[in-house]
Amino acid sequence: MSQQFLLICECGNEFPILPRHAGESRDCKCGTTIVVPTLRDIRRLPRYEGESAQPDDKKKDAGKSGKKWTIGHGIAFSLGVPIILLSLGWFGYNAWERKRINTDAPTPDDILAASSGILASVDFDDLSLVDSYEQVWKPLRDLSIQTRPLPGYVARREYAAGLGKHMGIAAIAAGIGFLAVAWSLLSSRATFS
Ligand SMILES: [Zn+2]
């Protein structure tokens with residue numbers, strides 16, 4: 001690796017150059033185009049002791065754009081944005097649905113009121129023994145000892161817990177989306193500014 005020298009723009013920006021770059025030009029991000037001096041004058045420039053030079057093409061591109069937006073950044077950004085929007089929407093829907101659900105267990109008063117409703121709806125005068133079982137005792141038994149597989153409020157609680165899980169997953173997905181977008185924006189700017 002031959003000795004590198006520093007071409008310094010009037011704005012202070014520095015370009016490491018090699019003697020074989022004599023006569024070429026460099027576009028500074030300040031808008032100035034600096035011409036690399038002749039071979040003899042290059043050797044009067046300050047020496048550059050930094051890391052060894054990257055391949056010329058890469059360095060020129062980086063100097064021109066000042067920013068490196070790769071296809072990876074594009075993918076991360078264009079996936080990240082819809083992921084954020086979708087997961088926030090999903091989070092909001094689940095939160096709304098969850099708020100809507102009444103997960104309270106029925107109180108003794110509720111059960112009493114429901115029992116009264118069943119009893120009030122039956123005309124005992126016309127009731128056979130079988131009918132009285134079907135219309136009165138079976139509903140009352142279901143109500144009190146909850147022989148149904150899942151009482152309504154337990155099912156609602158499980159549903160609400162499921163919605164809570166969805167909210168958690170949506171929050172994580174939104175976080176991943178934010179990271180992808182932040183990475184694409186920050187790393188593309190920070191690399192060559
Ligand atoms: Zn400059």
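The values are calculated or read from the model by the stated rules, or taken from the named source; none is laboratory data. Everything numeric in this text was worked out from a predicted model, so none of it was measured. As a convention, Cβ positions derive from the backbone with ideal geometry for all residues, glycine included, and neighbour counts pool all protein chains shown.
In segment 26-43, the count of residues that are in a loop (DSSP other than H, G, I, E, B) and at pLDDT below 90 is one or more. If you go through segment 22-36 and keep only what is surrounded by 15 or more Cβ atoms within 10 Å (Cβ to Cβ) and free of Cβ contacts under 8 Å to residues at least 24 places away in the same chain, you end up with just ALA22. Only one of the numbered conditions (1) closer than 26 Å to SER184 by Cβ; (2) modelled with pLDDT of 90 or more; (3) of a type outside the set (A, V, I, L, M); (4) more than 16 Å from the ligand (Cβ to nearest atom) is violated by TRP69, and that is (2).
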